[in-house]
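Participant: Sharing a structure below in structure tokens format, with a few things to ask.
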Amino acid sequence: MRFSISLLLFTLFAVPAWAQAGLMQAQRLSTAPTIDGQLDDAAWQQLQPISDFRQVEPNHGEPAAQPTTVWMGFDERNLYVAAHMADSTGRAGMRVPDLRRDFAWADNDVFGVMLDPFGDGGAVISLQVTPMATQRDMLVANGVQLNTEWDAVWQARTQVTPEGWTVELAIPWATLRYPVDALPTWRVNFVRKIRRANEVHAWGPYPRALNGHYMEYGGDVAGLEPPPPGRNVRIQPYATTVYNRLGDASDTTPDIGGELKWAVTSNSVLDLTVNTDFAQADADRQVINLSRFSVFFPERRAFFLENAELFDLGSSLSIVPFFSRRIGLDNAGQPLTLDGGARFVSRTAKRSGGGLLMRQRGNTQTPDAWFGVGRYLQNVGPTGQVGGLVTLRQDAALGDQQATTNATVTLDGFAQPTESFAADWLVSQSVTEGAPGDGFAAHTWIRNRADWGYVGHVQGVISDDYNAGIGFVGRSDLIVTSPAAILDIRPDWRPSFVRNFGPGFTAYAYHEYSTRRFQEASLQVRPINMISESGAQISPFVVFNWQNLNDAEAGGFRPLGLSIAPGNYQFTQYGLFLGSDLSRKVAGSLEAQTGPYFDGMITTAEAAFRASPSPHVAFRLDYVYNHITDVGPTEQEATSHLIIPELRLALNPRVQLNAFYQYNTFADRGAWNVRFSWEFSPLSYVYLVFNDSRFFVEDTLRRGSPERFLTQQQAIFKVSYLRQL
């Protein structure tokens, strides 16, 4: 019996021989190649390439339909990667909708390299490039925690030829982090996406349900000789001039500041920041929230994105013990002055740790504050991790508001006993002095991903007095239960234009923690979810809803400003998602849903349209519509529109103009954000930014009118320069 079970487990989870990427040999180059995308340098001729790529999509494990060849070399300054992607269609077959950095993987032709110097999957460096030399870089932990906003110093150039396209990468050793005693081999994988055929190839073909950042499916690169730690100091000063106008008042403010990065050793880094400035960060996109949860806005500010994956615990958006957007922003998302701060991070092949200390200057509404974070993470076995996180926030007294101190202590872990099965968990305790906030929270996510699909379960609890002073909690006093399953079915009888069927369900159930009272639940069922060979999608769905509103909840829950009467409600809504091939020059998607809503009716729609006649010119239009009728005792009605047009003009990947406008009828607010950026050297920029917001305010003293529009405008000129010492 024991033998039978062992045989069954081996059959289910053993990695096939063809999935084991082999060994790649890197060599020291006597002469550095010229990074121009052309593979005519003598340096490449002395290297032994690898080319045994296999399919991830559509036919997992089969040989790649189009050959890919990769070379790797190095010198004292850089790690070099070159690749040739054979493609008989040449430029005509390439798909690159626009030239934005951090492009969408699903919409482009892509070549990518994943590097794991520590060999534990906890800090994978992912660098990707399109045939137009647009770059995408990420830091990835455990295959699932993707820090997509992180930007690294590296160089990429490409050439498109009638035979396909080529790429050359130069990755400075200073960009990479590796142990003091560098491992004899690094884990590595290479991926390629041929978008017109919607094919994905990899040197180590990972399961379709995963991604290329699961490094156990990669191979090894041997022969690397990283240089010993040197001074390795990087400075990035900035200078800004900001013009602000609010109503009839205006002012102009010049400012300077900057950041310093010092690699104390080859596996530890100290970051210092003085008068931190985030003027170049993208503006947040407006949302209209019809749920009973707070809205989560991702971090976009460069300083906090460095090593963010170390401080990011798990993958729950309901419980985030440390969320950097709580630093330097008030509760309305408006920026506050950061006088400075420091961050120290150390990584080895066995453990990682780090700390963050920041000083925030207050204003008339927000007190001065100190923020501190400490993190430790220990590797357990080949894939497991266990760690702890401590946060501390001290707010000074302000007016009638007394000083407060908040702390959280969190333990977390990750385990992956097989290639497809994984689990992570956390438990967190908060303590607050000077205000309520002594509570706890816990979360676990168990899942299995394989070529046949996904099955998983999320369980979380948040006490009513849990207070993460530097974190994010979507809703307190809550127990959340969420099972889900999605299949990947590819029967032989499917039509030739169909890639697969992905039926599945996702369920959520919420109970009040303090009383165990049921609050709400939903079950979304997608019975078909047909995905075509091009990536187009048709997915009808049904959503079953159960709501239990007491008096307090009904008073605080006002979708589109409407009142909902307390009571128990059960209703079913029907919807349809349609999506075209998003890599084409003209593409779009539409999701519509309608049906009963509490004691009334609701119709919602989200539409997206994009036209890209050239990668240099791209226009996008997003539209969100909500219409609620016959709700509440007085049968109220409300309609909202959110319209976001966006235009991107790019001379090349380094010189771009991006402009978008947001008009929200529910908030009576319109806002422009226009940004010109010139990357004149890797991660050195000139920015011109213009922001314009117009919104209704109460003003009973102005012209006897109870309402008027208030205009807030801002113009920013900023220069930042990165210098490696």
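Participant: Please find, within the range 142-172, the residue that is farthest from N211 (Cα to Cα) out of those that are β-branched (V, I, T) and assigned to a loop (DSSP other than H, G, I, E, B).
Facilitator: Among them, the one singled out is V153.
Participant: Could you grab me the full set of residues in the range 248-273 that are closer than 24 Å to F690 by Cα and either at pLDDT below 90 or surrounded by fewer than 16 Cβ atoms within 10 Å (Cβ to Cβ) (or both)?
Facilitator: Once the filter is applied, which keeps residues that are closer than 24 Å to F690 by Cα and either at pLDDT below 90 or surrounded by fewer than 16 Cβ atoms within 10 Å (Cβ to Cβ) (or both), the range 248-273 yields D248, A249, S250, D251, T252, T253, P254, D255, I256.
Participant: So, R301, is that one of a type in the set (K, R), more than 14 Å from the chain's Cα centre (by Cα) and closer than 30 Å to G439 by Cβ or not?
Facilitator: no
Participant: For the condition at positive phi and crowded, with 16+ Cβ neighbours inside 10 Å, what is the one hit in G474, G453?
Facilitator: Exactly one of G474, G453 is at positive phi and crowded, with 16+ Cβ neighbours inside 10 Å, namely G453.
Participant: Now for a different question. On the given criteria, is L356 part of a strand (DSSP E or B), at negative phi, in contact with a helix residue (DSSP H, G or I) (Cβ under 8 Å, 6 or more places away or on another chain) and not β-branched (V, I, T)?
Facilitator: So L356 passes the test.
Participant: Does V386 satisfy being open to solvent by 20 Å² or more (accessible area, probe 1.4 Å), in a strand (DSSP E or B), touching a residue at least 12 places away in the same chain (Cβ under 8 Å) and β-branched (V, I, T)? Show your work before the answer.
Facilitator: Values: open to solvent by 20 Å² or more (accessible area, probe 1.4 Å): yes; in a strand (DSSP E or B): yes; touching a residue at least 12 places away in the same chain (Cβ under 8 Å): yes; β-branched (V, I, T): yes.
For V386, the condition - open to solvent by 20 Å² or more (accessible area, probe 1.4 Å), in a strand (DSSP E or B), touching a residue at least 12 places away in the same chain (Cβ under 8 Å) and β-branched (V, I, T) - is met.
Participant: Here's another thing I want to ask about it. For the condition over 30 Å from R91 (Cβ atoms) and either in contact with a His (Cβ under 7 Å, 6 or more places away or on another chain) or not in a strand (DSSP E or B) (or both), what is the one hit in Y625, Y661, Y687?
Facilitator: Being over 30 Å from R91 (Cβ atoms) and either in contact with a His (Cβ under 7 Å, 6 or more places away or on another chain) or not in a strand (DSSP E or B) (or both) holds for just one of Y625, Y661, Y687, which is Y625.
To keep it simple, each residue is scored yes or no on (1) exposed (fewer than 15 other Cβ atoms within 10 Å of the Cβ); (2) among the polar types (S, T, N, Q).
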site: A281; (1), (2): no, no
site: S291; (1), (2): yes, yes
site: F297; (1), (2): yes, no
site: A308; (1), (2): no, no
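Participant: On the given criteria, is Q236 farther than 23 Å from S268 by Cβ, in a strand (DSSP E or B) and within 25 Å of the chain's Cα centre (by Cα)?
Facilitator: The answer is no for Q236.
Participant: Ok, one more. Take the residues in the range 456-471 that are free of Cβ contacts under 8 Å to residues at least 40 places away in the same chain and closer than 19 Å to W425 by Cα; name whichever of them is surrounded by the most Cβ atoms within 10 Å (Cβ to Cβ).
Facilitator: The qualifying residue surrounded by the most Cβ atoms within 10 Å (Cβ to Cβ) is Y466.
Participant: On to the next question. How about the range 425-441: which of its residues are farther than 13 Å from Q402 by Cα and open to solvent by less than 20 Å² (accessible area, probe 1.4 Å)?
Facilitator: First, the residues of the range 425-441 that are farther than 13 Å from Q402 by Cα: 425-431, 437-441.
Those that are farther than 13 Å from Q402 by Cα and open to solvent by less than 20 Å² (accessible area, probe 1.4 Å): L426, S428, S430, G437, G439, A441.
Participant: Counting residues that are open to solvent by 10 Å² or more (accessible area, probe 1.4 Å), which strands (runs of 3 or more DSSP E) fully inside the range 75-138 reach at least 3?
Facilitator: Working: elements: 78-86, 110-116, 124-129.
Fully inside the range 75-138 and qualifying: 78-86.
Participant: So, of the residues in the range 625-674 that are more than 28 Å from G575 (Cβ to Cβ) and in contact with an Asp or Glu (Cβ under 6 Å, 6 or more places away or on another chain), which turns out to be most open to solvent (accessible area, probe 1.4 Å)?
Facilitator: W672
Participant: Would you check if D220 is within 30 Å of D282 (Cβ to Cβ) and either in a strand (DSSP E or B) or open to solvent by 10 Å² or more (accessible area, probe 1.4 Å) (or both)?
Facilitator: no
Participant: Filter the range 191-230 down to residues that are closer than 19 Å to I171 by Cβ and of a type in the set (K, R), then give me how many there are.
Facilitator: The qualifying residues number 1.
Participant: Considering only the range 225-247, how many residues are modelled with pLDDT under 80 and either at negative phi or surrounded by 15 or more Cβ atoms within 10 Å (Cβ to Cβ) (or both)?
Facilitator: Residues meeting the conditions: 5.
Participant: Moving to a separate point now. For the range 407-424, name all the residues that are open to solvent by 60 Å² or more (accessible area, probe 1.4 Å) and over 9 Å from T383 (Cβ atoms).
Facilitator: Scanning the range 407-424 gives V409, L411, F421.
Participant: What tally of residues in the range 561-601 results from selecting those that are among the hydrophobic types (A, V, I, L, M, F, W, C), under 30 Å from W105 (Cα atoms) and crowded, with 16+ Cβ neighbours inside 10 Å?
Facilitator: Final tally of qualifying residues: 3.
Participant: If you check R494 against the conditions, is it in contact with a Ser or Thr (Cβ under 8 Å, 6 or more places away or on another chain), among the basic types (K, R) and at pLDDT below 95?
Facilitator: no
Participant: Restrict the check to the range 189-196 and report whether at least one residue is buried (at least 24 other Cβ atoms within 10 Å of the Cβ), among the β-branched types (V, I, T) and either out of contact with any Asp or Glu (no Cβ under 6 Å at 6 or more places or on another chain) or in a loop (DSSP other than H, G, I, E, B) (or both).
Facilitator: Yes; the residues of the range 189-196 include at least one that is buried (at least 24 other Cβ atoms within 10 Å of the Cβ), among the β-branched types (V, I, T) and either out of contact with any Asp or Glu (no Cβ under 6 Å at 6 or more places or on another chain) or in a loop (DSSP other than H, G, I, E, B) (or both).
The values are calculated or read from the model by the stated rules, or taken from the named source; none is laboratory data. As the structure is a computational prediction, the values presented were derived from the model and not from experiment. Backbone-built Cβ (ideal geometry, glycine too); neighbour counts: all protein chains shown. Accessible surface areas use protein heavy atoms only, side chains included; no ligands, DNA or RNA. Shrake-Rupley method; radii C 1.70, N 1.55, O 1.52, S 1.80 Å.
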